[in-house]
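Participant: My structure is below; once you've seen it, I'll send some questions.
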Amino acid sequence: MVSQADLDYIFRTVEECLSEDGLTLNLKSKFIGDDGIPALLQCSQLKNIENLDLTKNHMSWRGAKQLFAF
(Lines give C-alpha, C1' and ligand atoms only; values in the text may rest on other atoms or scores of the structure.)
Protein backbone atom coordinates (compact mmCIF):
# COMPACT_ATOMS: atom_id res chain seq x y z
CA MET A 1 0.00 0.00 0.00
CA VAL A 2 1.30 3.41 -0.96
CA SER A 3 1.14 6.17 1.64
CA GLN A 4 -0.29 9.57 0.80
CA ALA A 5 3.07 11.16 1.65
CA ASP A 6 4.81 8.92 -0.92
CA LEU A 7 2.21 9.78 -3.55
CA ASP A 8 2.50 13.50 -2.85
CA TYR A 9 6.30 13.40 -3.09
CA ILE A 10 6.34 11.36 -6.28
CA PHE A 11 3.61 13.37 -8.03
CA ARG A 12 5.32 16.67 -7.12
CA THR A 13 8.73 15.36 -8.21
CA VAL A 14 7.38 14.04 -11.51
CA GLU A 15 5.80 17.41 -12.26
CA GLU A 16 9.09 19.19 -11.54
CA CYS A 17 11.28 16.75 -13.51
CA LEU A 18 9.13 16.07 -16.57
CA SER A 19 10.37 17.62 -19.80
CA GLU A 20 8.19 20.16 -21.58
CA ASP A 21 7.26 17.66 -24.29
CA GLY A 22 6.32 15.08 -21.65
CA LEU A 23 8.59 12.41 -23.10
CA THR A 24 11.57 12.55 -20.73
CA LEU A 25 11.49 12.12 -16.98
CA ASN A 26 14.79 12.76 -15.19
CA LEU A 27 14.50 11.42 -11.63
CA LYS A 28 18.25 11.08 -11.07
CA SER A 29 19.12 11.20 -7.34
CA LYS A 30 15.54 11.85 -6.18
CA PHE A 31 15.55 9.16 -3.46
CA ILE A 32 12.83 7.08 -5.12
CA GLY A 33 14.12 3.65 -4.10
CA ASP A 34 12.16 0.41 -4.27
CA ASP A 35 9.48 1.78 -1.95
CA GLY A 36 8.72 4.70 -4.27
CA ILE A 37 8.15 2.63 -7.40
CA PRO A 38 4.50 1.74 -6.61
CA ALA A 39 3.74 5.46 -6.23
CA LEU A 40 5.61 6.26 -9.44
CA LEU A 41 3.57 3.67 -11.32
CA GLN A 42 0.39 5.50 -10.31
CA CYS A 43 1.45 8.67 -12.18
CA SER A 44 -0.61 9.16 -15.30
CA GLN A 45 2.31 10.92 -17.02
CA LEU A 46 4.35 7.72 -16.96
CA LYS A 47 2.43 6.17 -19.86
CA ASN A 48 3.90 8.71 -22.33
CA ILE A 49 7.50 8.57 -21.11
CA GLU A 50 10.09 7.48 -23.66
CA ASN A 51 13.21 8.34 -21.61
CA LEU A 52 13.34 7.61 -17.89
CA ASP A 53 16.42 8.28 -15.75
CA LEU A 54 16.36 6.59 -12.34
CA THR A 55 20.10 6.50 -11.72
CA LYS A 56 21.36 6.99 -8.16
CA ASN A 57 18.01 6.13 -6.55
CA HIS A 58 19.16 3.12 -4.52
CA MET A 59 16.84 0.86 -6.45
CA SER A 60 17.36 -2.90 -6.41
CA TRP A 61 16.13 -5.67 -8.66
CA ARG A 62 12.82 -5.52 -6.75
CA GLY A 63 12.11 -2.00 -7.97
CA ALA A 64 13.28 -2.81 -11.47
CA LYS A 65 11.02 -5.84 -11.57
CA GLN A 66 8.01 -3.67 -10.67
CA LEU A 67 8.91 -1.20 -13.44
CA PHE A 68 9.34 -3.88 -16.07
CA ALA A 69 6.00 -5.46 -15.13
CA PHE A 70 4.26 -2.12 -15.76
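Participant: Could you put PHE31, PHE70, PHE11 in order of accessible surface area, largest first, with the 1.4 Å probe and the full protein assembly present?
Facilitator: The residues order as PHE31, PHE70, PHE11, largest area first.
Participant: Considering the alpha-carbon set of the chain alone, what are its Rg and its Dmax in angstrom?
Facilitator: When restricted to Cα atoms, the chain yields Rg and Dmax of 11.0, 31 Å.
Participant: With contacts defined as alpha carbon pairs under 8 Å and 6 or more residues apart, what's the relative contact order of the chain in percent?
Facilitator: 35 percent
Participant: Determine the per residue accessible area of the chain with all protein chains present and a 1.4 angstrom probe, expressed in square angstrom.
Facilitator: Per-residue accessible area for the chain comes out at 69 Å².
Participant: Next question. Multiply the residue gap between ASN51 and ALA5 by 0.36 nm, knock off their C-alpha separation, and tell me the result in nm, one decimal place.
Facilitator: Length gained between ASN51 and ALA5: 14.0 nm.
Participant: Hey, any idea what % of the chain's accessible area is carbon plus sulfur with a 1.4 Å probe?
Facilitator: 52 percent
Participant: Using helices alone, I'd like the mean residue ellipticity at 222 nm for the chain: each DSSP H run of four-plus residues gives -39500 (n - 2.57), total over residue count, nearest 500.
Facilitator: Result for the chain: -13000 deg cm²/dmol, rounded to the nearest 500.
Participant: If you don't mind, another one. With unit charges on the beta carbon (Lys/Arg positive, Asp/Glu negative), name the residue among SER3, TRP61, ILE32 whose Cα is farthest towards the positive pole of the charge dipole of the chain.
Facilitator: The residue sitting farthest along the positive end of the dipole is TRP61.
Participant: Keeping every protein chain in place, order ASP8, ASP21, ASP34 by accessible area at 1.4 Å, biggest value first, i.e. largest first.
Facilitator: Largest accessible area first, the list is ASP21, ASP8, ASP34.
The values are calculated or read from the model by the stated rules, or taken from the named source; none is laboratory data. Values in this document were obtained by computation on a predicted structure and should not be read as measured data. Here the Cβ is made from the backbone with ideal geometry for all residues, glycine too, and neighbour counts use every protein chain on show. In case anyone asks, the SASA skips ligands and DNA or RNA and just uses the protein heavy atoms, side chains included. Shrake-Rupley method; radii C 1.70, N 1.55, O 1.52, S 1.80 Å.
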